[in-house]
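In what follows, a structure is listed as structure tokens, so that the remarks can point back to it.
The values are calculated or read from the model by the stated rules, or taken from the named source; none is laboratory data. Keep in mind it's a predicted model, so treat the numbers as computed, not measured. Note that each Cβ is placed from the backbone with ideal geometry, even for glycine, and that neighbours are counted across all protein chains shown. Heavy atoms of the whole protein, side chains included, go into the accessibility calculation; ligands, DNA and RNA do not. Shrake-Rupley method; radii C 1.70, N 1.55, O 1.52, S 1.80 Å.
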Amino acid sequence: MSTRPASRSARLPRAGWRGRALTAAVLTAALALGAACSPASDGLAEQAGEDKGYIAGAGVITQLGPSERGEPIDLAGEYTDGEPFDLQEWRGAPVVINLWYAACPPCRTEAPGLQANYEEFQNDGVRFLGVNVRDEAPTAEAFHRTFELTYQSMLDRDGAAVSALSNVLPPQATPSTVVLDAEGRAAARVVGEVDESTLRALISDVLAEQS
């Protein structure tokens, strides 16, 4: 598996895992989805130590072809306003899950691009879910107001979302973004800050599978 700089304008391949490093230096990481490779071996996770608490730099992208994806991701809970949700009810269209917390610098940098993609794809039925891994509701809601995010977030106080994504993401992988296909299976992930155009390409690829 190779990692190499990704062009902002290039379309990303849909078949098989492909790792692309968006950082200035080449990142060597073992990227896998499922039991074949332990998520803890992902080199990017090492950047998120106790002192830093987040992954610095741009993200590493991986994709899995439709025939190679695992089981659907099951996650239910409440948004910060107390309204319940269940990913099982969202099947039939892609879902974007983003892990974040308010004081995380790359989370703040990527927020406008996430919102831009939400606005672009919501008419196609694409759903977005923010997963706040650290804050209380007032802090999370203030972040949404600051960046004018119109999709909802949940508070992952009990680690339910992190657990649900444990075969997809390495531990302490904040920020990270996972794109689920229409069946609720992980089709792509970005470990680290996600670029707006990269996320647009990942969502477009999954939408194209429904055509």
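Things worth noting here:
- Test set (1) at negative phi; (2) at pLDDT 95 or above - S38 fails condition number: (2)
- Answer residue from the stretch 169-207, given it is polar (S, T, N, Q) and either part of a helix (DSSP H, G or I) or touching a helix residue (DSSP H, G or I) at 6+ places or on another chain (Cβ under 6 Å) (or both) and is farthest from E119 (Cα to Cα) among those: Q172
- Within the stretch 72-90, residues that are free of Cβ contacts under 8 Å to residues at least 60 places away in the same chain and of a type outside the set (A, V, I, L, M) have Cβ atoms under 9 Å from residues that are part of a loop (DSSP other than H, G, I, E, B) and surrounded by 15 or more Cβ atoms within 10 Å (Cβ to Cβ) in these pairs: D86/L75, counting only partners at least 6 apart in sequence or on another chain.
- Exclusive hit being under 17 Å from the mean Cα position of the chain (by Cα), at pLDDT 95 or above and not hydroxyl-bearing (S, T, Y), set R185, R145: R185
- Scanning the stretch 172-206 for residues that are open to solvent by 30 Å² or more (accessible area, probe 1.4 Å) and either over 21 Å from A111 (Cα atoms) or in contact with a Gly (Cβ under 6 Å, 6 or more places away or on another chain) (or both) turns up E183, R185, E193, E196.
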